[in-house]
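**Q** Below is the structure I would like to discuss, written out as structure tokens.
Any read-out appearing in this document is the output of simple, stated calculations on the displayed coordinates, not a laboratory observation. Owing to the predicted nature of the structure, the values given are computational and were not obtained by experimental measurement. No Cβ is skipped: glycine too gets one built from the backbone with ideal geometry, and neighbour counts run over all protein chains shown.
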Amino acid sequence: MNKAGLRRELAKRRGAIPGRSLLDARIAEHILSLPAYRAAKTVMAYAAIRSEPSLFAIFEACFKAGKRLVLPALRGGRMEALEHAPDSALAEGAFHVPEPRGRVIPPGEIDLILCPGLGFGRDGARLGYGRGCYDRFLSETRALRAGVCYGACLLGAGEIPVEEWDRPMDFLVTEDGASPRAERKRL
């Protein structure tokens, strides 16, 4: 199946998942148990849209642990990481994505990136929304990458078509657990 067809299928599948708040809590538990999360000083998460897994529990955990939390913001088709403070509200940004109004944090200062996607392959392949914003951003950082999705949107290795610019994940996190994919070579 091509990427467009796979996007439609996975969006439909994800939208039909019942009890997402319970699954979100389980996903958060697995993220919090990752050694990469515990070691991270700066964590990039996302504010969920549509039927993406919610990471608001991760926001709270970062604030409690004294970690710096950053969220993505689109500026002219380019993604930036903006610092999010505990007592600040999110505002609607490009494509109706909630984003903070904090200062820009350079990609090199981020230790762990929690990436949304319509689905992920067990080989670390990510199927996003087709704009390439995450892939361009990920190419600018050495941060560990954790793909976050519901188990129903986790596909087998090789099931997601991969282009040369697609950036793979280091970990995949679902309500069933967190699993590393093959260790990627650090640049």
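**Q** Scan the stretch 16-44 for residues that are over 17 Å from the mean Cα position of the chain (by Cα), more than 15 Å from F63 (Cα to Cα) and among the hydrophobic types (A, V, I, L, M, F, W, C) and jot them down.
**A** A16, I17, L22
**Q** On to the next question. Which condition breaks for K64 when tested against (1) in contact with a Cys (Cβ under 6 Å, 6 or more places away or on another chain); (2) basic (K, R); (3) under 23 Å from G102 (Cα atoms)?
**A** So K64 meets the others, but not (1).
**Q** Is there any pair linking a residue in the stretch 88-115 that is closer than 14 Å to S139 by Cα and without any contact (Cβ under 8 Å) to a residue 12 or more places away in the chain to one that is surrounded by fewer than 18 Cβ atoms within 10 Å (Cβ to Cβ) and of a type in the set (F, W, Y), with Cβ under 7 Å and at least six apart or on different chains, and which?
**A** Listed pairs, sorted by first residue: none to list.
**Q** Given the conditions (1) under 20 Å from L138 (Cα atoms); (2) out of contact with any Cys (no Cβ under 8 Å at 6 or more places or on another chain), and given that R78 satisfies all but one, which numbered condition is not satisfied?
**A** Just one mismatch for R78, condition (2).
**Q** Return the residues of the stretch 107-128 that are more than 18 Å from V70 (Cβ to Cβ), touching a helix residue (DSSP H, G or I) at 6+ places or on another chain (Cβ under 7 Å) and surrounded by fewer than 21 Cβ atoms within 10 Å (Cβ to Cβ); say none if nothing qualifies.
**A** Once the filter is applied, which keeps residues that are more than 18 Å from V70 (Cβ to Cβ), touching a helix residue (DSSP H, G or I) at 6+ places or on another chain (Cβ under 7 Å) and surrounded by fewer than 21 Cβ atoms within 10 Å (Cβ to Cβ), the stretch 107-128 yields only G128.
**Q** Which pairs have Cβ atoms under 8 Å, sit 6 or more apart or on different chains, and link a residue in the stretch 129-143 that is exposed (fewer than 15 other Cβ atoms within 10 Å of the Cβ) to one that is part of a loop (DSSP other than H, G, I, E, B) and basic (K, R)?
**A** S139/R167; R142/R186
**Q** Restricting to the stretch 64-77, give me the number of residues that are of a type in the set (A, V, I, L, M, F, W, C) and loosely packed, with under 15 Cβ neighbours inside 10 Å.
**A** Taking the stretch 64-77 first, the residues of a type in the set (A, V, I, L, M, F, W, C) are 65, 69-71, 73-74.
From the residues that got through so far, the ones that are loosely packed, with under 15 Cβ neighbours inside 10 Å too are 65.
Result for the stretch 64-77: 1.
**Q** When you scan the stretch 133-148, do you find a residue that is touching a Lys or Arg at 6+ places or on another chain (Cβ under 8 Å) and in a loop (DSSP other than H, G, I, E, B), even just one?
**A** Yes.
**Q** Do we find that H84 is closer than 17 Å to Y37 by Cβ, over 15 Å from the mean Cα position of the chain (by Cα) and in contact (Cβ under 8 Å) with a residue 24 or more places away in the chain in this structure? It would help to see each step written out before you state the result.
**A** On the way: closer than 17 Å to Y37 by Cβ: yes; over 15 Å from the mean Cα position of the chain (by Cα): yes; in contact (Cβ under 8 Å) with a residue 24 or more places away in the chain: yes.
Against the criterion (closer than 17 Å to Y37 by Cβ, over 15 Å from the mean Cα position of the chain (by Cα) and in contact (Cβ under 8 Å) with a residue 24 or more places away in the chain), H84 qualifies.
**Q** Another one. Go through the stretch 76-109 residue by residue and tally those that are closer than 15 Å to A48 by Cα and of a type in the set (A, V, I, L, M).
**A** Let us first name the residues in the stretch 76-109 that are closer than 15 Å to A48 by Cα, namely 84, 89-100.
Pick out the ones that are also of a type in the set (A, V, I, L, M) and you get 89-91, 94, 97.
Counting residues in the stretch 76-109 that are closer than 15 Å to A48 by Cα and of a type in the set (A, V, I, L, M) gives 5.
Residues are listed down the side, and each one gets a yes or a no for (1) more than 13 Å from V148 (Cα to Cα); (2) out of contact with any His (no Cβ under 7 Å at 6 or more places or on another chain); (3) loosely packed, with under 13 Cβ neighbours inside 10 Å; (4) in contact (Cβ under 8 Å) with a residue 60 or more places away in the chain:
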{"position": "R13", "(1), (2), (3), (4)": "yes, yes, no, yes"}
{"position": "G19", "(1), (2), (3), (4)": "yes, yes, yes, no"}
{"position": "I27", "(1), (2), (3), (4)": "no, yes, no, yes"}
{"position": "A40", "(1), (2), (3), (4)": "yes, yes, no, yes"}
{"position": "V43", "(1), (2), (3), (4)": "yes, yes, no, yes"}
{"position": "P53", "(1), (2), (3), (4)": "no, yes, no, yes"}
{"position": "A57", "(1), (2), (3), (4)": "yes, yes, no, no"}
{"position": "C62", "(1), (2), (3), (4)": "yes, yes, no, no"}
